[in-house]
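> Have a look at this one.
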Amino acid sequence: MTGRRGFSFIELLVALIVFGILAGISLLRYKDLRNHAVSAAVASDLNGIRLAAYNHWADRESWPADAAPGVVPPELVPYLPQGFTFTRPTYTLDWEGGGGAVQAGVVVTTADPGLMVVLARRLGGNTPFFVLGATLTYVIVGPTGTS
């Protein structure tokens, strides 16, 4: 009995096209899931920094002084978890204080615009923030809430 052996060029080409489409879809889904996970980490970091800033305020009635991007303000170190860093693989945090009494903020900078969109969606309308390009500024209002 004689039969055909192997696959024809057309069959291999169709299989490669199907695998390519499936790989493209899964890669997009992976990136979306990764952005959701990173945005949860950013939101958690922002909440931790907010609580540390309020604890500093309760002790000294002022905000910590401004710090360079990626640098944890020395005044916040005692209130943050040990080893907390403002430099992460996909984003950088920047404390924008000034020692004033009204408000301070944390600036999140990333090179991934998709992450910024997901982060803004995650923070929603419950927290004061604004997005400008590749940065999101999270505003920390004084404990009295007045200016």
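> Yes or no: residue 10 loosely packed, with under 10 Cβ neighbours inside 10 Å and not in a loop (DSSP other than H, G, I, E, B)?
Spelling it out, residue 10 is indeed loosely packed, with under 10 Cβ neighbours inside 10 Å and not in a loop (DSSP other than H, G, I, E, B).
> Considering only segment 127-141, how many residues are out of contact with any helix residue (DSSP H, G or I) (no Cβ under 7 Å at 6 or more places or on another chain), in a strand (DSSP E or B) and among the hydroxyl-bearing types (Ser, Thr, Tyr)?
Within segment 127-141, residues that are out of contact with any helix residue (DSSP H, G or I) (no Cβ under 7 Å at 6 or more places or on another chain), in a strand (DSSP E or B) and among the hydroxyl-bearing types (Ser, Thr, Tyr) number 2.
> Every residue in segment 72-102 that is surrounded by fewer than 20 Cβ atoms within 10 Å (Cβ to Cβ) and in contact (Cβ under 8 Å) with a residue 40 or more places away in the chain, please.
88, 90, 96, 101, 102 - these are the residues of segment 72-102 that are surrounded by fewer than 20 Cβ atoms within 10 Å (Cβ to Cβ) and in contact (Cβ under 8 Å) with a residue 40 or more places away in the chain.
> Condition check: surrounded by 14 or more Cβ atoms within 10 Å (Cβ to Cβ), modelled with pLDDT of 90 or more and within 30 Å of residue 60 (Cβ to Cβ). Does residue 141 satisfy that? Lay out the reasoning, then the answer.
Details: surrounded by 14 or more Cβ atoms within 10 Å (Cβ to Cβ): yes; modelled with pLDDT of 90 or more: no; within 30 Å of residue 60 (Cβ to Cβ): yes.
The answer is no for residue 141.
> Next question, about the same structure. State all residues of segment 50-71 that are surrounded by 14 or more Cβ atoms within 10 Å (Cβ to Cβ), without any contact (Cβ under 8 Å) to a residue 60 or more places away in the chain and assigned to a helix (DSSP H, G or I); if no residue qualifies, say none.
Correct list: 52, 55, 56.
> Out of segment 61-82, which residues are within 10 Å of residue 96 (Cα to Cα), among the hydrophobic types (A, V, I, L, M, F, W, C) and either in contact with a strand residue (DSSP E or B) (Cβ under 8 Å, 6 or more places away or on another chain) or at pLDDT 95 or above (or both)? Working first, answer last.
Pass one, segment 61-82, residues within 10 Å of residue 96 (Cα to Cα): 63-69, 73.
So of that shortlist, the ones also among the hydrophobic types (A, V, I, L, M, F, W, C) come out as 63, 65, 67-68.
Correct list: 63, 67, 68.
> Tell me, yes or no, whether segment 26-42 has at least one residue that is part of a helix (DSSP H, G or I) and under 16 Å from residue 140 (Cα atoms).
yes
> Six or more apart or on different chains, Cβ atoms under 8 Å: show the pairs whose first residue is in segment 111-122 and small (Gly, Ala, Ser) and whose second is part of a helix (DSSP H, G or I).
Short answer, once both residue conditions are applied: 114/31; 114/32; 114/35.
> Assess whether residue 46 counts as being hydrophobic (A, V, I, L, M, F, W, C), under 22 Å from residue 131 (Cβ atoms) and in contact (Cβ under 8 Å) with a residue 40 or more places away in the chain. Let's see the steps before the verdict.
Values: hydrophobic (A, V, I, L, M, F, W, C): yes; under 22 Å from residue 131 (Cβ atoms): yes; in contact (Cβ under 8 Å) with a residue 40 or more places away in the chain: yes.
Here the answer is yes, as residue 46 does meet what is asked.
> When the residues of segment 88-126 are filtered to those that are in a loop (DSSP other than H, G, I, E, B) and touching a helix residue (DSSP H, G or I) at 6+ places or on another chain (Cβ under 8 Å), which remaining residue is modelled with the lowest pLDDT?
Restricting attention to segment 88-126, the residues satisfying the condition of being in a loop (DSSP other than H, G, I, E, B) are 88-91, 97-102, 110-112, 124-126.
This time we only want the ones that are touching a helix residue (DSSP H, G or I) at 6+ places or on another chain (Cβ under 8 Å), so: 88, 90-91, 97, 110, 112.
Numbers: 88: 94, 90: 92, 91: 94, 97: 78, 110: 92, 112: 88.
Applying the filter and picking the extreme gives 97.
The values are calculated or read from the model by the stated rules, or taken from the named source; none is laboratory data. Everything numeric here is computed off the predicted structure, so don't read it as measured data. All Cβ positions, even for glycine, are placed from backbone atoms using ideal geometry, and neighbour counts span all protein chains on display.
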